[in-house]
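Asker: Sharing a structure, written as C-alpha cells. Questions coming.
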Amino acid sequence: MMRIVFPEYNNPITQEALAIFKDPTRPVTGPRFVKPEDITAVPAKTLDEACHMLTEKSADAMIVGLDYTSRDVILACREHLGMATNPHTDQTYDTFSGMAVMQRDEARYILADMAACKHPTKEQLVEIVWQTYTSALKLLSDQPRIALLSFSTFGSGGDDPTITLMRDVLAEFKDSGLMIDGEMQLDAAINPMIGYKKAPSSLVAGQANVLIAPDLNSGNLIYKTFEQIAAFTVAGPILQGFNYPVSDLSRGSTAADVALTIETMAQLSQ
C-alpha cells in the first residue's frame, strides 16, 4: 500500500482527481500501471506537516501545488527533505529538476527539465539526465531512449554555444551504458521517418521516449504545447533530486492531470 500525502486534500480538484483515479469505469488515457486499491490518500494541514510525514515514513510521496506556489514547495523540500544520492554514481545531487510525464493513448514521453533549472550548466544537465533516467526506469515499460534536444540535429545548426553544451553533456555518458544521443530537434527525436532521414545510424533518433530540454524556456514550452495543443495529459511537474518523490503541480493542472500524477507518484514510490 502506497500513501500519498496531499496538503491540499480538500481542494475540489484534488477530490475530483481521486474520484477519477478510483473509478474503474473512467476513460483510460493509456495503460494503467497501478491498481487504485493500492493507493491511500492522506491529508495534511500544511506543507511543512506533509514534509514531516515523508521524513517520518508515514507517507511515501507528496502531491501539492494547486494552491501553494512553486517557491513555497521548493523551499520546503530544500529545508526538510534533503538531496538524494545518484544510485548510478553514489554521488549526492547538487541539482534538483522538474520532470513531466506526458501521455496520450499508448504514447508516453518523459520530459525534463521543465520546471526548475533556468539555464543549466553542463554539470547540471548531466545530473538532470541521471535523475530523469532513474525516473524513466520506473515509469516506462520500454528501455529509456534519451534525446538531448536542440534547434539543431547533429550539427545542422552550425556553431553555437547551446549545441556545444549538449555535445559536452553527451560526452559525459560515453561509457555509461545509457541509450542517449544528440543533439537533435524534437521531430528528429520522436518521429521515426524524420529520425531515420536525419540520423539513420542513431539508436535514439525517431524512437526517443525521454526528452532532455536544453533550458527551462524550452522545457516549459514543450510540455505546455503537448498539453494544450496536442491534447496530452500531463503528470507533474515532479521534482527530482530530493530524497522523496514530490509533485509540484501547475496551478493550471486539471483533475485528469492530477489523476495521472497520482499514478506516476505511486510508480516512483515502488
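The values are calculated or read from the model by the stated rules, or taken from the named source; none is laboratory data. All values reported here derive from a predicted model rather than from experimental measurement. We place every Cβ from the backbone using ideal geometry, glycine too, and count neighbours over all the protein chains shown.
Asker: Could you grab me the full set of residues in the stretch 164-180 that are surrounded by 22 or more Cβ atoms within 10 Å (Cβ to Cβ) and either touching a Phe, Trp or Tyr at 6+ places or on another chain (Cβ under 8 Å) or not in a helix (DSSP H, G or I) (or both)?
Answerer: Answer for the stretch 164-180, where residues must be surrounded by 22 or more Cβ atoms within 10 Å (Cβ to Cβ) and either touching a Phe, Trp or Tyr at 6+ places or on another chain (Cβ under 8 Å) or not in a helix (DSSP H, G or I) (or both): just Ile180.
Asker: Taking interchain pairs and intrachain pairs at least six residues apart, which have beta carbon atoms under 8 angstrom, with the first residue in the stretch 97-110 and free of Cβ contacts under 8 Å to residues at least 12 places away in the same chain and the second of a type outside the set (A, V, I, L, M, F, W, C)?
Answerer: Within 8 Å, no pair qualifies.
Every residue, every condition in (1) over 13 Å from the mean Cα position of the chain (by Cα); (2) within 18 Å of His119 (Cβ to Cβ), yes or no:
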| site | (1), (2) |
| --- | --- |
| Met184 | yes, no |
| Met193 | yes, no |
| Pro200 | yes, no |
| Ile222 | no, yes |
| Tyr244 | yes, no |
| Thr261 | no, no |
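Asker: Could you list, in sequence order, the residues of the stretch 253-270 that are out of contact with any Lys or Arg (no Cβ under 9 Å at 6 or more places or on another chain) and assigned to a loop (DSSP other than H, G, I, E, B)?
Answerer: Within the stretch 253-270, Ser253, Thr254 meet the criteria.
Asker: Name the residues in the stretch 184-240 that are out of contact with any helix residue (DSSP H, G or I) (no Cβ under 9 Å at 6 or more places or on another chain) and β-branched (Val, Ile, Thr), would you?
Answerer: If the condition is that a residue be out of contact with any helix residue (DSSP H, G or I) (no Cβ under 9 Å at 6 or more places or on another chain) and β-branched (Val, Ile, Thr), then Ile190, Thr225, Ile229 are the ones that fit.
Asker: May I ask you to list the residues in the stretch 126-162 that are at positive phi and of a type in the set (A, V, I, L, M, F, W, C)?
Answerer: Phe154
Asker: Are there helices (runs of 4 or more DSSP H) fully within the stretch 184-231 with at least 2 residues that are surrounded by fewer than 19 Cβ atoms within 10 Å (Cβ to Cβ)? List them.
Answerer: Once the helices (runs of 4 or more DSSP H) in the stretch 184-231 are filtered for at least 2 residues that are surrounded by fewer than 19 Cβ atoms within 10 Å (Cβ to Cβ), what remains is 192-198, 216-228.
Asker: Run Thr40 past the list (1) modelled with pLDDT under 95; (2) in a helix (DSSP H, G or I) and report the number of the one that doesn't hold.
Answerer: All conditions are met except number (2).
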